[in-house]
Amino acid sequence: MGLCRIYNKDGKEIKSFDPEQLLTGKTALTVGRSPSCTISLDSDSSIDESVDPVHFAIIRRDSDIVAVEGPGARAFIADNIFVHEIKLVPGAAFSFGSCTFSVAPESVESPFAILFEKKEGGAGFQVLLEGENSILMDVNGNLKINDFAAGTLLAKITVTKEGILSLCNMQHGTSKKASFEYANIEAHDIFFCNGLKVCVCRKGEAQKAVASGRAFVQSSFKLKVLLVASLVIVAGLFVLLVMKEASGASTNAAV
């Protein structure tokens, strides 16, 4: 199923998660104002008492994932109708209290992937989906892509069908847009998340870079080549200067 998102009364997204991932090993996910809820909304100051401490639960029922009302028995509103439970399928939406809940359409893979350094060394990659993708950090400081159980959100990358990507780096408050239609790894901007290098490239390029063990190596190699070339030029200029001074000294001695 698609990614689930919760918005406050101002239309701001305050939570996003994948219920299938979070339900692994659990019987239910609780949603509400209480800090003890699996999906707690207490950190958003706009959440008022129209949202119960435990407003509803998300459970598995056979092969379905369903949202059912909580102990306060406050129904959801879907399509202007009060309902006591709703099946969570791509495109489903309902309101609860002052908040709204929606399930994104089915995810479609884009032609792009995100290539990232691993904290323990080496590199990994993951295919980006059309739409919004999230880069998160787990408790061990490793980068996770679209794994909403990981923890801290570091950046978001949005991919359109036209191959336009926009990046919002939550750590630095910066954003940029770029077209990667004809790009390759060397042409891409490398940015940092939690001190680890990250770049966007085509899926095939990412696979080759990881398989060869040379992801992000080309950039550092180029820097080394430039450094060596600069040193050679400086050394050459120094030799010319010495030779010129020696020549001048010989001329003065002859005079």
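The values are calculated or read from the model by the stated rules, or taken from the named source; none is laboratory data. The shown structure was predicted, so the numbers you read here are calculated from the model rather than taken from an experiment. When we count neighbours, we look across all protein chains shown, and the Cβ atoms used for this are built from the backbone with ideal geometry, even at glycine. We work out accessible area using only protein heavy atoms, side chains counted, and drop any ligands, DNA or RNA first. Shrake-Rupley method; radii C 1.70, N 1.55, O 1.52, S 1.80 Å.
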Which residues, taken from the stretch 21-61, are surrounded by 18 or more Cβ atoms within 10 Å (Cβ to Cβ) and of a type in the set (Lys, Arg)? 33
Filtering the stretch 62-84 down to residues that are aliphatic (A, V, I, L, M) and open to solvent by 50 Å² or more (accessible area, probe 1.4 Å) yields 73, 77, 81
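Residues are listed down the side, and each one gets a yes or a no for (1) open to solvent by 90 Å² or more (accessible area, probe 1.4 Å); (2) assigned to a loop (DSSP other than H, G, I, E, B); (3) touching a strand residue (DSSP E or B) at 6+ places or on another chain (Cβ under 7 Å); (4) modelled with pLDDT under 65:
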residue: 165; (1), (2), (3), (4): no, no, yes, no
residue: 181; (1), (2), (3), (4): no, yes, no, yes
residue: 197; (1), (2), (3), (4): no, no, yes, no
residue: 215; (1), (2), (3), (4): no, yes, yes, no
residue: 222; (1), (2), (3), (4): yes, no, no, yes
Pair list, Cβ < 6 Å and 6+ apart or interchain, from the stretch 54-83 residues that are farther than 18 Å from residue 30 by Cα to residues that are of a type outside the set (D, E, K, R) and in a loop (DSSP other than H, G, I, E, B): 82/75
Within the stretch 32-51, the residues that are in contact (Cβ under 8 Å) with a residue 40 or more places away in the chain and of a type in the set (A, V, I, L, M, F, W, C) are 41, 47, 51
Scan the strands (runs of 3 or more DSSP E) fully inside the stretch 95-156 and keep the ones with 1 or more residues being over 23 Å from residue 13 (Cβ atoms). 109-117, 123-129
Selected residue [at pLDDT 60 or above, part of a helix (DSSP H, G or I) and open to solvent by 70 Å² or more (accessible area, probe 1.4 Å)] from 210, 232: 232
